[in-house]
Amino acid sequence: MGQIHYLTYVSRMTLKAGVTPRTLSDIMTVAQRENLVHQITGFLCFGNGYFFQYIEGEKSAIEQLFGNIQRDGRNRDVTLKSKGVIEQRLFQDWQMLMVNINNPETHEDVINAFLPLLSAGSKAAAADKFVEVMRSQYHRRSLVDFQSYSLKNVSHYGVSLRGLLKVHQHFLLVQSILLVLILISFSLFWGL
């Protein structure tokens, strides 16, 4: 494979779209499908009404995707922060990773590198620093708010059961405990 092109941008989410679970789900559904087809990898972070995205792949695929993003009505003020060529992918396992900066469990290093990107005068250096922070987290796998849609857990029919269980394991655990407590209460009440 030849050179890999990358770009980063920041945009504001329109008030019409809002950051709802449905909007994010729609974005991820399209991203996982299209990025798999076009061999694009990277990540998307959102917080405080902003998006930051890093995408890498073949030049034509990256340019087409960026054009689609600029025309997407859910975005406004789409600002290219950096672009260039690299010899190999930085995030080869992430067809699309989504990180919620507002989640209290998101790693502090990621939040601290994200916030400077929101100022109108932020430069490519701030974007490059954020990519490096994400890359270090990628190698350490220490962020807990990752929702990775990689080649390893995406099928043509969506996220695999293993991927869904991983994302929702805390919820399922709490629900299981509540079910056990309800069954115990029921048996005590009815004298079973």
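The values are calculated or read from the model by the stated rules, or taken from the named source; none is laboratory data. Since we're looking at a predicted model, the values are computed, not measured. Here Cβ is always computed from backbone atoms with ideal geometry, including for glycine, and neighbour counts include all displayed protein chains. Side chains are part of the model used for accessible areas, which takes the heavy atoms of the whole protein and leaves out ligands, DNA and RNA. Shrake-Rupley method; radii C 1.70, N 1.55, O 1.52, S 1.80 Å.
Restricting attention to the stretch 94-109 and to residues that are in contact with a strand residue (DSSP E or B) (Cβ under 8 Å, 6 or more places away or on another chain) and of a type outside the set (A, V, I, L, M, F, W, C), the residue that is most open to solvent (accessible area, probe 1.4 Å) turns out to be ASN102. Once the stretch 63-101 is narrowed to residues that are in contact with a Lys or Arg (Cβ under 8 Å, 6 or more places away or on another chain) and among the hydrophobic types (A, V, I, L, M, F, W, C), the residue that is farthest from ALA125 (Cα to Cα) is PHE91. Considering the stretch 16-39, and only residues there that are among the polar types (S, T, N, Q) and either in contact with a helix residue (DSSP H, G or I) (Cβ under 7 Å, 6 or more places away or on another chain) or closer than 14 Å to ILE55 by Cα (or both), the residue that is modelled with the lowest pLDDT turns out to be GLN32. For ALA125, the conditions (1) modelled with pLDDT of 85 or more; (2) open to solvent by less than 40 Å² (accessible area, probe 1.4 Å); (3) more than 25 Å from ARG33 (Cβ to Cβ) are fulfilled apart from (2).
In the condition set (1) at pLDDT below 90; (2) assigned to a strand (DSSP E or B); (3) more than 22 Å from PRO21 (Cβ to Cβ), MET98 is compliant with all but (3). Scanning the stretch 172-192 for residues being open to solvent by 90 Å² or more (accessible area, probe 1.4 Å) and outside any helix (DSSP H, G or I) gives a total of 1.
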